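Inspection log for the structure reproduced underneath, given as structure tokens.
The values are calculated or read from the model by the stated rules, or taken from the named source; none is laboratory data. Since the model is a prediction, treat every value here as computed from it, not as a measurement. Glycine gets a Cβ as well: all are built from the backbone with ideal geometry, and neighbour counts include every protein chain shown. Quick note on the areas: whole protein, heavy atoms, side chains included, nothing else; ligands and nucleic acids left out. Shrake-Rupley method; radii C 1.70, N 1.55, O 1.52, S 1.80 Å.
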Amino acid sequence: MAYSNKVVDHYENPRNVGSLPKDDVNVGTGLVGAPECGDVMKLQVKVNPETGVIDDAKFKTFGCGSAIASSSLATEWLKGKTVEQALAIKNTEIVAELSLPPVKIHCSVLAEDAIKAAIADYKKKQDEAKGVQPAAEHAQPSA
Amino acid sequence: MKLPIYMDYHATTPVDPRVLDAMMPYFREKFGNAASRNHPFGWEAEDAVEAARKQVADLIGANAKELIFTSGATESNNLAIKGVAEMYREKGNHIITCVTEHKAVIDTCKKLEKQGLRVTYLPVQKDGRIDLDELRAAITDKTILITIMTANNEIGVVQPIAEIGAIAKERGILFHTDAVQAVGKIPFDVNALKVDLVSISAHKIYGPKGVGALYVRRRNPRVLLAEQISGGGHERGMRSGTLNVTGIVGLGKAAELCRQDMEKDTERLRTLRDRLNQKLHENLDEIYINGSMEHRLPHNLNISFAYVEGESLLMGINDVAVSSGSACTSASLEPSYVLKALGAGDDLAHSSIRFGLGRWTTDEEVDYVVDKLTKVVRRLREMSPLYEMVKEGVDLSKMQWVTH
């Protein structure tokens, strides 16, 4: 399959690969996908609790070039956004930016899910730190 | 060394220059129709076809009269299976095959199932080979055909063909084998193996695309096939259509070259393949060979690189042509059904690479591929959340994954 130049660029020079301390109360971690499906994304955000702005974002992805590019792009977009702005990122924007073909749309969906899961984790931790009972079970895998 | 490197010889092979040279006159001055019986143009073409028939027969220990030329192995498989099913309808309605067969066999069997035939798809063991006891147990008095491939196109695993042949013979059941990946590469003798029908393809043995053959036993027993393409009664009435003289000449020459060079080629390729395997194992941990190493084509290697997805791996070695069992590289978006059948888990199917070495593979190319792959696997593992989790001591099989 021929990839767009942007996908190739993110694959060859992925932005923000790595991990943030997952026990930090200001860090939210999203882990989505499954090995048997061929893609797993781990996306983390570090939020400034004073301003609600995402200071840092990191990812690690097991998946095809489009999955790597989608998560790499997501971390780029997340930095500097508020939590609420981050939640507004749509997978279709990732599709458009990377010119993903139809068979690769699920990669962008996974990236959107990863963003939502990371932020949900962050909010849950913040609530717990403030002693608030969690409203509902968040979509988080447990080891 | 020229880039890109071709290491996908199971998919297809380049035409050997000696094969092309043999074919050329039949495009030009010797263009006759082999069925023209009343002039020298036809005679010349017919002679060439018969010489090629002999060359192919010699490669598999058959009589030239037992070979039918086709458009390729997909047609050969269709003709063998559908031809038997139709011809022996009175005798029975049950076919035995295996889950790791090529789609040309599986899809043909599925079509026959829709028409009311019964098909048993034998599972394979961890090493990719069928269990002979399961084969014996699957046979009924309605079984008319066993069709099991000689060597698998993805994992290169060679099935116990002689043993299957003996079982089929003892029970009076016809035995067809798709031998596309094996003929010309490893010794293959229709009588020693007791096979009744054999599918062969030219483009897998350094011949041209679009031509193949089907061996149809004429004695002990005499196998009959219902024609699947009608018109003119060519090829003993089993396959009509003007003969592809140039292609057939190419197939014949390719077969002759394989017979001449098999021993030498096999040894050379086995050494190269083992070098590839050994070096990859020296450089990388957690890599797994798919299928039996003992019963395997000498030029095949199929390895899963754990925690790295196959398509992203291919992207990183884009000057090397290999293929992957990953879902992302298949049209169906499903991981390889062959690797799944080995029972190793879908995650390893997604991480697999098939290497097919061939007549022009060099030491230098093997070393280049090892180097490049090592770098890419290491880079992608640094980027892999799975690798990180495993290093932290997480048992991936106990994780609850969030899937769609």
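Contour minus end-to-end for B:Ala11 and B:Leu132, with contour as 0.36 nm per residue of separation and end-to-end as the Cα-Cα distance?
40.7 nm
Taking the Cβ of B:Lys110 as the centre, find all other residues whose Cβ is under 13 Å away and add up their charges (Lys, Arg: +1; Asp, Glu: -1).
Once all neighbours under 13 Å are counted, the net charge is +2.
Compute the acute angle (0 to 90°) between the alpha-carbon long axis of helix B:73-87 and the principal axis of greatest extent of the alpha-carbon atoms of chain B; round to the nearest 10°.
That works out to roughly 60 degrees.
Under a 5 Å amide H to amide H cut-off, with H placed in plane at 1.01 Å, what residues pair with A:Asp56 once short-range neighbours are removed?
Under 5 Å from the amide H of A:Asp56: A:Lys46.
I'd like the mean, over residues of B:338-346, of how many other protein chain beta carbons sit within 10 Å of each residue's own Cβ.
What the average comes to for B:338-346 is 1.
With a 1.4 Å probe and all protein chains kept in place, how do B:Ile317, B:Ile289 rank by accessible area, largest first?
B:Ile289, B:Ile317
May I ask for the longest run of chain B untouched by GluC sites (Glu not before Pro) that are loop-located per DSSP and have at most 13 neighbouring C-beta atoms (other than their own) within 10 Å? Please list the in-between numbers first.
Details: sites that count: B:Glu29, B:Glu90, B:Glu294, B:Glu392.
After excluding every exposed loop site, the longest remaining stretch is B:91-293.
By the scheme Lys and Arg +1, Asp and Glu -1, what is the net charge of all other residues having a beta-carbon under 10 Å from that of B:Lys142?
Once all neighbours under 10 Å are counted, the net charge is +1.
Taking only Cα atoms and a 10 Å spring cutoff, compute GNM fluctuations for chain A and point out the largest among A:Val25, A:Val132, A:Val103.
Its mean-square fluctuation being the largest, the pick is A:Val103.
Let me confirm one metric for peptide A:27-34, namely the mean number of other chain beta-carbon atoms within 10 Å of its residues' beta-carbons.
Averaged over the peptide's residues, the number is 3.
Return one number: the angle in degrees, 0 to 90 and rounded to the nearest 10, between the long axis of the Cα atoms of helix B:40-59 and the longest principal axis of the Cα atoms of chain B.
50 degrees
Might you report the magnitude of the Cβ-based charge dipole of the stretch B:116-237 about its Cα centre, with Lys and Arg at +1 and Asp and Glu at -1, to the nearest 20 debye?
Here the size comes out at about 340 debye.
Lone cysteines in chain B, going by a 4.7 Å Cβ-Cβ cut-off?
Singleton cysteines: B:Cys98, B:Cys109, B:Cys258.
Under 9 Å from the Cβ of B:Leu339, count the other residues' Cβ atoms, weight Lys and Arg +1, Asp and Glu -1, and hand me the total. Walk me through the numbers on the way to the answer.
Values: positive: B:Lys340; negative: B:Glu154, B:Asp346.
Net charge around B:Leu339: -1.
Taking θ = phi - 60°, what integer Hz values does the Karplus form 6.51 cos²θ - 1.76 cosθ + 1.60 yield along the stretch B:269-281, in sequence order, with x for Gly and Pro?
5, 4, 4, 5, 4, 5, 5, 4, 4, 5, 5, 4, 5
Leaving ligands, DNA and RNA out of it, report the carbon-plus-sulfur percent of the accessible area of the stretch A:43-127 at a 1.4 Å probe.
It is 54 percent, rounded to a whole number.
Residue separation times 0.36 nm, minus the C-alpha to C-alpha distance between B:Glu334 and B:Ala51: what's the value? Mind dumping the intermediate values first?
Details: separation 283, 0.36 × 283 = 101.88 nm, distance 4.36 nm.
Going from the current span to full extension adds 97.5 nm.
Too long at a 22 Å Cα-Cα cut-off: which of B:Lys194/B:Lys253; B:Lys111/B:Lys169; B:Lys110/B:Lys185; A:Lys79/A:Lys104; A:Lys46/B:Lys398; B:Lys340/B:Lys398?
B:Lys194/B:Lys253; B:Lys111/B:Lys169; B:Lys110/B:Lys185; A:Lys79/A:Lys104; A:Lys46/B:Lys398
What number comes out for accessible area per residue over the stretch B:100-248 if the probe is 1.4 Å? Units Å², please.
38 Å²
Suppose we compare each residue of the stretch B:312-326 in its chain alone and in the full protein complex with a 1.4 Å probe; which ones drop by at least 40 Å² of accessible area?
Residues meeting the cut-off: B:Met315.
Where the centre of each part is set by its Cα atoms, how far does the stretch B:235-269 sit from the stretch A:1-78, in angstrom?
Their Cα centres are 52 Å away from one another.
So between B:Val99 and B:Arg37, what do we pick up on full extension, going 0.36 nm a residue minus the alpha carbon distance?
Separation in residues times 0.36 nm, less the Cα-Cα distance, equals 17.8 nm.
In what sequence, largest accessible area first, do A:Asp39, A:Asp55, B:Asp141 appear using a 1.4 Å probe?
B:Asp141, A:Asp55, A:Asp39
Using DSSP, restrict attention to beta bridges with both residues in chain B and report what percent are antiparallel, rounded to the nearest 5.
Antiparallel bridges: around 55 percent, rounded to the nearest 5.
Mind listing P(r) for chain B? All alpha-carbon pairs, 10 Å bins, whole percents.
5, 22, 29, 24, 14, 5, 1, 0
Just the accessible area for B:Tyr26, please: 1.4 Å probe, Å², rounded to the nearest 10?
For B:Tyr26, solvent-accessible area is about 40 Å².
Residues of the stretch A:5-124: accessible area per residue at 1.4 Å, in Å²?
36 Å²
Have a look at B:Asn300, B:Asn290, B:Asn220 and tell me which one the Gaussian network model of chain B (Cα, springs below 10 Å) gives the largest fluctuation.
Comparing B:Asn300, B:Asn290, B:Asn220 in a Gaussian network model of chain B, the most mobile one is B:Asn220.
Going toward the positive end of the dipole of the protein assembly as shown, with +1 on Lys and Arg Cβ and -1 on Asp and Glu Cβ, which of B:Leu386, B:Met262, A:Val132 do you reach last?
B:Met262
Using a 1.4 Å probe and ignoring any ligands, DNA or RNA, find the accessible area of A:Lys130 and quote it in Å² to the nearest 10.
150 Å²
What is the dipole size for chain B, taken about its Cα centre, with +1 at each Lys and Arg Cβ and -1 at each Asp and Glu Cβ, in debye to the nearest 20?
1180 debye
Please work out the ratio of the alpha-carbon Rg of chain A to 2.2 N^0.38 Å and round it to two decimals.
Dividing the Cα Rg of chain A by 2.2 N^0.38 Å gives 1.02.
Once the principal axes of the Cα atoms of the protein assembly as shown are found, what is the range along each, listed largest first in whole angstroms?
Taking max minus min along each principal axis of the Cα atoms, the protein assembly as shown gives 95, 53, 42 Å.
Could you work out the helix-only [θ] at 222 nm for chain B, with each DSSP H run of four or more residues adding -39,500 (n - 2.57) and the total divided by the number of residues, to the nearest 500 deg cm²/dmol?
-12500 deg cm²/dmol
Given the whole protein assembly as supplied and a 1.4 Å probe, what does the accessible area of B:Arg89 come to in Å², nearest 10?
Accessible surface of B:Arg89 is approximately 150 Å².
Please give the helix B:103-114 orientation as an angle from the longest Cα principal axis of chain B, in degrees from 0 to 90, rounded to the nearest 10.
So the helix axis and the longest Cα principal axis differ by about 70 degrees.
Straight distance only, please: which lysines reach the Cα of B:Lys372 with their own Cα at less than 23 Å, same-chain residues fewer than 8 apart left out?
Candidates past the 8-residue exclusion: A:Lys6, A:Lys60, B:Lys2, B:Lys279.
Using only protein heavy atoms and a 1.4 Å probe, how much accessible area in total is buried between B and A, to the nearest 100 Å²?
In total, chains B and A hide about 2800 Å² from solvent.
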